[in-house]
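Reviewing the structure listed below.
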């Protein structure tokens, strides 16, 4: 009868290996050696975090990388120059379809009113249907939340997409051109939207009832693969959620800090800050199902170069309800 000793030795060795892996996984990480680069658009998150003071005692170093729109932000994420980013649903999908290595880790519930379709104050255009045969500038690039709004508004108004001419211009350049009267109609998001409104631009339609109004915090896959950075990202997204709740509870104070950081007039800052978010929370299955419909639609329209499996993009283990 063959000896059972080699078999027992193999079992013992396997057990030791499993214990070793478990012990290694349980080892605390040194967050003091971590530096996070937090990708931001027009100081949106930074103003929120600084107003709430939620990162003042962070056990890791961090710095902000600011971009004027989602397209350049995701190019930075593609290059591994940022660890996290924050953007609307369609820009996240466009980035993923374009090969940016990211994971969705938290959902921001936004307001459709923070994305809108503008015309000049003295424009003869009074409704979306009047855009037939006209040009519309969309900010920032193909696959932006403003493009989503425009297409949804055209459909609502009974217009085909080929009945308008769409041009893509980054928001800073588009803002200057709109202010000088060179752009007749402009699809754009806050803070550019709110600034233009306060300067007299007329709103034809905002995103209320047309778009998901969801945006996401995403993390770069290489950062999540680093145990120390992963732990720091898990911590920072919980702090982002606390900051969002603080802003909801303290709207005037948040608007004041937002105005200071962005150098916007107080009234403009209050308008923009007041429609920034209904809260940041863990990613839900309903969020992913909702955004999957957006992904499917824009792949059919050939705006997304390939299908996107939204559920495969999500990493729901970092930020959960039992770890607020």
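Name the helices (runs of 4 or more DSSP H) wholly within the range 1-93 that hold at least 1 residues that are modelled with pLDDT of 90 or more, touching a strand residue (DSSP E or B) at 6+ places or on another chain (Cβ under 9 Å) and within 27 Å of residue 169 (Cβ to Cβ)?
44-52, 70-78
Tell me, which residue of the range 270-284 that is in contact (Cβ under 8 Å) with a residue 24 or more places away in the chain and in a helix (DSSP H, G or I) is farthest from residue 53 (Cα to Cα)?
If we take residues in the range 270-284 being in contact (Cβ under 8 Å) with a residue 24 or more places away in the chain and in a helix (DSSP H, G or I), then 271 is farthest from residue 53 (Cα to Cα).
Looking at residue 276 and the list (1) closer than 26 Å to residue 47 by Cα; (2) in the same structural domain as residue 246 (by TED's automatic domain parsing); (3) in contact with a strand residue (DSSP E or B) (Cβ under 7 Å, 6 or more places away or on another chain), which single condition is not satisfied?
(3)
Need pairs with beta-carbon distance below 8 Å; first residue touching a residue at least 60 places away in the same chain (Cβ under 8 Å) and within the range 157-182, second part of a strand (DSSP E or B); sequence gap 6+ or separate chains.
171/188; 171/189; 178/118; 178/137; 178/186
In a loop (DSSP other than H, G, I, E, B), free of Cβ contacts under 8 Å to residues at least 60 places away in the same chain, under 18 Å from the mean Cα position of the chain (by Cα) and surrounded by fewer than 18 Cβ atoms within 10 Å (Cβ to Cβ) - does that describe any residue in the range 295-310?
Checking the range 295-310: at least one residue is in a loop (DSSP other than H, G, I, E, B), free of Cβ contacts under 8 Å to residues at least 60 places away in the same chain, under 18 Å from the mean Cα position of the chain (by Cα) and surrounded by fewer than 18 Cβ atoms within 10 Å (Cβ to Cβ).
The values are calculated or read from the model by the stated rules, or taken from the named source; none is laboratory data. None of these values were measured; they are calculated from a predicted model. With ideal geometry, Cβ positions are generated from the backbone for all residues, glycine too; neighbour counts draw on all protein chains shown.
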